[in-house]
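This report refers to the structure that appears directly beneath it.
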Amino acid sequence: MTTSSIAQRPEAQSLALNGGSPVSSAMIQMIAVNLSEQDIDSAVTVLRSGMLAQGKNVAEFETRFAAMSDARLAVACANGTCALQLAYGALIEPGDEVLCPAWTYIATASMIVAVGATPVWIDADPHTYNINVDDAASKITPKTTAIACTHLYGNPVDIDAVEALAIKQGLSIIYDAAQAHLATYNRRGIGTYGDAVTYSFYPTKNMTTCEGGMVTTNDDEIEIKLRKLRSHGESDKYLHDSIGFNYRMSDVEGAVGRSQLESLAERTHRRRQNATTLDRALAQIDGLHAPTITNGAESAYHLYAVRIDPDAFVTPEDKPIRDKFVEALRAEGVATAVHYPMSLTRQPVFNTPGVEHQPVSDRLSQTLFCIPVHDALTEHQIALVSEALAKVAVALRA
Ligand SMILES: Cc1ncc(COP(=O)(O)O)c(C=O)c1O
């Protein structure tokens, strides 16, 4: 077994590469990068073939991924950020206003800006942490053409409500499912819904291709636009009738993706089982709340976010109570992650004069922390996480 410390992002502070065996570090890690020998062999086979650029492995990965997500069509690309830019590029015009959650990863919003449109900040639902659809409805103007929604932490948004609003107002819908591979809503894969759904295969995600992304859609015209945007607006070899990019996925990544799909359902099942055990443990701890899953949805549990009721604990003057939990859990051998330390309207790039801050999102930035839920955890480790939570909650109680 190999361990790696991939530290490009805060959520990746403690990573272990897990080839199927339990992770042996004393610390219970937040994330295990699960690459099997088969995944590695499939990459090596393509590397040895010399056929490295986007080819048959990517094409097969697209077909299988679409089928597993209950979508008709899929377009692979270089990463989840590119996937968003492609989807927005296919559906949004410069100058448009796009309803966008303030409580999400920055790429959901920054790629709206990248296509020349303006994100209009929508607050989070206080229970599911996803976009608050009533708030979105109240912020529609004549310039609004689309709604972007993140299935945050793997939990699908209230798709019925989003679709009702979009139909009434004539909006396109783009779902950011970077954290939600194989999540379902009304018993259908999330690829069934919306105009485009985007995914990430970054190493910390539920499945990885190293770097990688995908857009699924059920619309042939959108698919054509996505393919052209992905590859220099090319409609035929060396025939370019629009501006595009090079956002292609390599065939090495495509082969890893294909192979990863073979174990994804089983690994997602284990995440769900781990979440059920954590739910039971949290139900016994006053002042801490398990995640609320959207009615009719099945989460992919990319992350398991615990919410603190600040009134139940002694709040330090110099930092949020959440930071005390993070420190105390670390001392108990449990790694945690903060998704996210600030809402997007507080990010320097968006915190411009006149920006409308979002109160629920701001509160979440002080009261949420994520605990390990990944598929490589043993039952014993899940029990240790539960015990540590109970112990720390007693120690910090008001
Ligand atoms: C919600 C969300 N959207 C988009 C992205 C961007 O994906 P990538 O890192 O593959 O560009 C991420 C990845 O962290 C994400 O969590």
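Points worth noting:
- All of (1) touching a residue at least 12 places away in the same chain (Cβ under 8 Å); (2) outside the structural domain of Ala78 (by TED's automatic domain parsing); (3) not polar (S, T, N, Q) hold for His269 with one exception: (1).
- Evaluated against (1) closer than 24 Å to Ser231 by Cβ; (2) aromatic (Phe, Trp, Tyr); (3) within 12 Å of the ligand (Cβ to nearest atom), Phe61 falls short on exactly one condition, (3).
- When Glu327, Glu298 are screened for being of a type in the set (Asp, Glu), buried (at least 19 other Cβ atoms within 10 Å of the Cβ) and not assigned by TED's automatic domain parsing to the domain that holds Ala177, only Glu298 passes.
- In the range 208-225, of all residues being of a type in the set (A, V, I, L, M, F, W, C) and within 16 Å of the ligand (Cβ to nearest atom), the one that is nearest to Ile173 (Cα to Cα) corresponds to Val215.
- Members of the range 283-311 that are of a type in the set (A, V, I, L, M) and either farther than 14 Å from Gln366 by Cβ or part of a loop (DSSP other than H, G, I, E, B) (or both): Ala283, Ile285, Leu288, Ala290, Ile293, Ala297, Ala300, Leu303
- Test: residue in the range 89-100 that is touching a Cys at 6+ places or on another chain (Cβ under 7 Å) and outside the structural domain of Pro341 (by TED's automatic domain parsing): no
Results for (1) within 22 Å of the chain's Cα centre (by Cα); (2) surrounded by 19 or more Cβ atoms within 10 Å (Cβ to Cβ); (3) assigned by TED's automatic domain parsing to the domain that holds Ala83, shown as yes or no for each residue.
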| residue | (1), (2), (3) |
| --- | --- |
| Pro203 | yes, yes, yes |
| Thr209 | yes, yes, yes |
| Lys228 | no, yes, yes |
| Gly233 | no, no, yes |
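- Figure legend. Inter-residue proximity from the range 131-156: first residues small (Gly, Ala, Ser), second residues at pLDDT below 95 and away from the ligand (no atom under 16 Å from the Cβ), beta-carbon distance below 8 Å, spacing 6+ or different chains. No pairs are indicated.
- When restricted to residues that are over 25 Å from Asp125 (Cβ atoms), of a type in the set (D, E, K, R) and not in a helix (DSSP H, G or I), the range 350-398 contains 2.
- Out of Gly80, Gly89, one residue alone is touching a Phe, Trp or Tyr at 6+ places or on another chain (Cβ under 7 Å) and either within 18 Å of His339 (Cα to Cα) or within 16 Å of the ligand (Cβ to nearest atom) (or both). It is Gly80.
- When Lys205 is tested against (1) of a type in the set (Lys, Arg); (2) in contact with a strand residue (DSSP E or B) (Cβ under 7 Å, 6 or more places away or on another chain); (3) within 16 Å of the ligand (Cβ to nearest atom), only condition (2) is not met.
- Scanning the range 147-202 for residues that are under 14 Å from Leu99 (Cβ atoms), within 16 Å of the ligand (Cβ to nearest atom) and of a type in the set (Gly, Ala, Ser) gives Ala148, Gly194.
- Long-range neighbours under 7 Å by Cβ, at least six apart or interchain, first residue farther than 11 Å from Val75 by Cα within the range 217-235, second in a helix (DSSP H, G or I): Glu234/Lys228; Ser235/Lys228
- Scanning the range 306-320 for residues being under 25 Å from the mean Cα position of the chain (by Cα) and modelled with pLDDT of 95 or more gives a total of 4.
The values are calculated or read from the model by the stated rules, or taken from the named source; none is laboratory data. From a predicted model like this one, the values you see are computed outputs, not experimental measurements. As a convention, Cβ positions derive from the backbone with ideal geometry for all residues, glycine included, and neighbour counts pool all protein chains shown.
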